[in-house]
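Notes follow once the structure below has been shown.
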Amino acid sequence: RWQPCPVCQGNAKVAWLERESGLAGDDLNVRLADFRPFPGKEVARESAGNLLAAVPKAAGFVTFWGGYGVGKSMLLKALANGYRLAGILAVYVRMSDLLAEARSGFADDASATETIINRFRYVRVLALDEIERINPTPWAIETMFRLIDARYNDRGSRLTLIATNADPEKFPPALGYLSSRMTGGQVIQVGGQDVRPAMAKAEI
């Protein structure tokens, strides 16, 4: 006799999506409406709005890049929350944390690393923050390549959101494969002021 999936029902699904999101505390309350289109940020704000407006579709390969504090992480968290609230599995993670988790699994069991990588590979929406802020060991580069290449190839059915402080076209040679895939997707510069003092001024 058919039984409904317990995770897919009511509050159970809501709790599961929140638990799997990689976000906690105040980060769960970040919304796109909180990202104000100050000068230099208008295109990024509009692009993020278009991504959410396409719900329930969630597909593509999108990179947000700009200096420190301009709001890239905020955009990724807001988008992850937007998809989560729409009932779509969305995960936010820093690249260094993803690699640390994968390496920890490898220390216990090589197959555990595959399980971890596949979890991020197949999630419907993956928001990868600080993607270039890693220790570029051969293992890290290979692991990143496998994940990014798979997500890029699946861009027609899954959405990958990336944030980086560096212009993808100026990545070092060791990350050339990453630059190639990022520039093969949608690349959006986030400019303007540091969002924290800018928002503080706007609220005075």
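Some notes on this structure:
- Karplus-derived 3J(HN,Hα) values for region 116-126, using 6.51 cos²θ - 1.76 cosθ + 1.60 with θ = phi - 60°, are 5, 4, 5, 4, 7, 5, 9, 4, 5, 10, 10 Hz; glycine and proline are entered as x.
- Peptide packing: for 151-159, 120-128, the average count of neighbouring Cβ atoms within 10 Å per residue gives the ranking 120-128, 151-159, highest mean first.
- For residue 111, the solvent-accessible surface computed with a 1.4 Å probe is close to 60 Å², ligands and nucleic acids excluded.
- For the chain, the Cβ-based charge dipole about the Cα centre amounts to some 580 debye (Lys, Arg positive; Asp, Glu negative; other atoms uncharged).
- Here region 130-182 and region 50-99 have alpha carbon centers that stand 15 Å from each other.
- In plain terms, the chain from residue 47 to residue 34 could stretch by 3.2 nm, reckoned as 0.36 nm per residue minus the Cα-Cα distance.
- The lysines within cross-link reach of residue 41, meaning a Cα-to-Cα straight distance under 28 Å and a gap of 8 or more places when in the same chain, are 57, 72, 77, 170, 201.
- Only one residue of 144, 122, 71 has its Cα farthest out toward the positive end of the dipole of the chain, where Lys and Arg carry +1 and Asp and Glu -1 on Cβ, and that residue is 122.
- Which label in (i) 18.0, 57; (ii) 17.3, 61; (iii) 16.3, 49 gives the computed Rg and Dmax of the Cα atoms in Å: (ii)
- Net lengthening on full extension, residue 103/residue 170 (0.36 nm per residue, minus Cα-Cα): 21.3 nm
- Rounded to the nearest angstrom and listed largest first, the equivalent-ellipsoid semi-axes of region 44-103 from its Cα gyration tensor are 21, 17, 10.
- Sorting the segments 53-66, 164-177 by their residues' average number of neighbouring beta-carbon atoms within 10 angstrom, most packed first, yields 53-66, 164-177.
- Extension gain, residue 186 to residue 139: 0.36 nm times the residue separation minus the Cα-Cα distance gives 14.2 nm.
- Per-bin percent of Cα-Cα distances, region 10-80 [10 Å]: 17, 48, 29, 6, 0
- Seen from residue 150, the other residues with C-beta closer than 15 Å to its C-beta sum to a net charge of +4, counting Lys and Arg as +1 and Asp and Glu as -1.
- Amide proton proximity set for residue 94, modelled H, under 5 Å, gap of 5+: 129
- Charge tally around residue 80: other residues with Cβ under 12 Å, Lys/Arg +1 each, Asp/Glu -1 each, net 0.
- Long-range amide H partners of residue 61 with built H, under 5 Å: 160, 186
The values are calculated or read from the model by the stated rules, or taken from the named source; none is laboratory data. It should be emphasised that the depicted structure is a prediction, and the values quoted were computed from it without experimental measurement. Reconstructed Cβ throughout: ideal geometry from the backbone, glycine too, with neighbour counts over all protein chains shown. Heads up: the accessible areas ignore ligands, DNA and RNA and are worked out on the full protein's heavy atoms, side chains in. Shrake-Rupley method; radii C 1.70, N 1.55, O 1.52, S 1.80 Å.
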